[in-house]
Amino acid sequence: MSWRGVARRSLPFLITGTVGFVIAYLIVAFFIFPATIIPTDTKVPAVIGLTEYNAERLIVQAGFRPRTREKTYHASAAEGTIVRQSPAPKSVEPKGTVVALDISLGQREEEVPAVVGLTYAQAVLALDNAGLDVGRRNEIGNEAPRGQVLASSPPAGSRVPVPTPVNLTISTGPSTIEMPDVTGQTASQARSLLEQLGFRPSVKVDSFSTMPVNTVVTQTPVAGRSAKAGTRVSITISGAVSP
């Protein structure tokens, strides 16, 4: 028999063997290396705005793995809803990829602290520590010391969103105040006391006084007289005012 005859008879067996080998290879590759045969990349579902339960269910259905990354306060997102995700929505990723989720705790709220009776500076610090803003400053005459907080709005104990401005009503002091006696005090002590009471001190120097230098010799108006807040008080200091 010629070699051509042998080739004709062998050809069907050769074709059958080749096809069988290819099929066997594909079967083995499919079960051992399925990712190389069937693409597994797919779009990450958009879950921002969904509840945690619905977001996780959608992610699992798409072949991904949900994981909570962070829970944080959010000014507008309802509590328990998704505010951020990674990878980004509709990005193409391999199935099985972890999708990290940030979940809203809702609007943060704080209790307005009690600031009545504090100085304005103390009240500002208390509000700042609570995460609240200082709103309008309203000043009225009152028997309370000058600069003392008389009221807050919203009042102490109210629960408000952060940040919320809290308006403060501040005392400007009594309409008339008894003039204190500052004679014998140093210039800085006298100035400090008069300014705290709402007066405006001015200083003169008496170079001929025998009292210790920088000591208040006289004052006008005199101690004990009633005067309005803002009244100018002239104090005379012995010698020269120390720097």
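Could you grab me the full set of residues in segment 131-152 that are at pLDDT 95 or above and more than 26 Å from Gln196 (Cβ to Cβ)?
If the condition is that a residue be at pLDDT 95 or above and more than 26 Å from Gln196 (Cβ to Cβ), then Leu132, Asp133 are the ones that fit.
Strands (runs of 3 or more DSSP E) wholly in segment 109-157 with at least 2 residues that are of a type outside the set (A, V, I, L, M, F, W, C) and either under 11 Å from Asn167 (Cα atoms) or touching a residue at least 60 places away in the same chain (Cβ under 8 Å) (or both) - which ones?
Here the list reads 133-140, 149-153.
Give the residues of segment 42-57 that are in contact (Cβ under 8 Å) with a residue 40 or more places away in the chain and surrounded by fewer than 14 Cβ atoms within 10 Å (Cβ to Cβ), sorted by residue number.
Lys43
List the number of the failed condition for Val160; all other conditions in (1) closer than 30 Å to Pro212 by Cβ; (2) not in a loop (DSSP other than H, G, I, E, B) hold.
Condition (1) is where Val160 drops out.
Looking at segment 148-168, which of its residues are of a type outside the set (A, V, I, L, M, F, W, C), surrounded by 16 or more Cβ atoms within 10 Å (Cβ to Cβ) and closer than 9 Å to Val116 by Cβ?
Gln148, Ser152 - these are the residues of segment 148-168 that are of a type outside the set (A, V, I, L, M, F, W, C), surrounded by 16 or more Cβ atoms within 10 Å (Cβ to Cβ) and closer than 9 Å to Val116 by Cβ.
Within segment 220-243, which residues are of a type outside the set (Ser, Thr, Tyr), free of Cβ contacts under 8 Å to residues at least 40 places away in the same chain and within 16 Å of Ile177 (Cβ to Cβ)?
Passing the criteria: Gly230, Arg232.
Just for segment 104-140: of the residues that are among the acidic types (Asp, Glu) and under 30 Å from Gly80 (Cα atoms), which one is surrounded by the most Cβ atoms within 10 Å (Cβ to Cβ)?
Checking each candidate, the answer is Glu110.
Anything in segment 180-202 that is touching a strand residue (DSSP E or B) at 6+ places or on another chain (Cβ under 6 Å) and either part of a strand (DSSP E or B) or in the same structural domain as Ala121 (by TED's automatic domain parsing) (or both)? List them, or say none.
Arg200, Pro201, Ser202
Taking Thr210 as meeting all but one of (1) in contact with a Lys or Arg (Cβ under 9 Å, 6 or more places away or on another chain); (2) β-branched (Val, Ile, Thr); (3) in a loop (DSSP other than H, G, I, E, B), write down the number of the exception.
Condition (1) is where Thr210 drops out.
Of all residues being assigned to a loop (DSSP other than H, G, I, E, B) and of a type in the set (Ser, Thr, Tyr) in segment 163-179, which is modelled with the highest pLDDT? Just the residue, please.
For segment 163-179, the residue satisfying everything is Thr164.
Within segment 219-235, work out how many residues are closer than 12 Å to Gln185 by Cβ and either at pLDDT below 90 or assigned to a strand (DSSP E or B) (or both).
Residues meeting the conditions: 2.
The values are calculated or read from the model by the stated rules, or taken from the named source; none is laboratory data. Bear in mind the structure is a predicted one, so any value in this text is a computation, not a measurement. Reconstructed Cβ throughout: ideal geometry from the backbone, glycine too, with neighbour counts over all protein chains shown.
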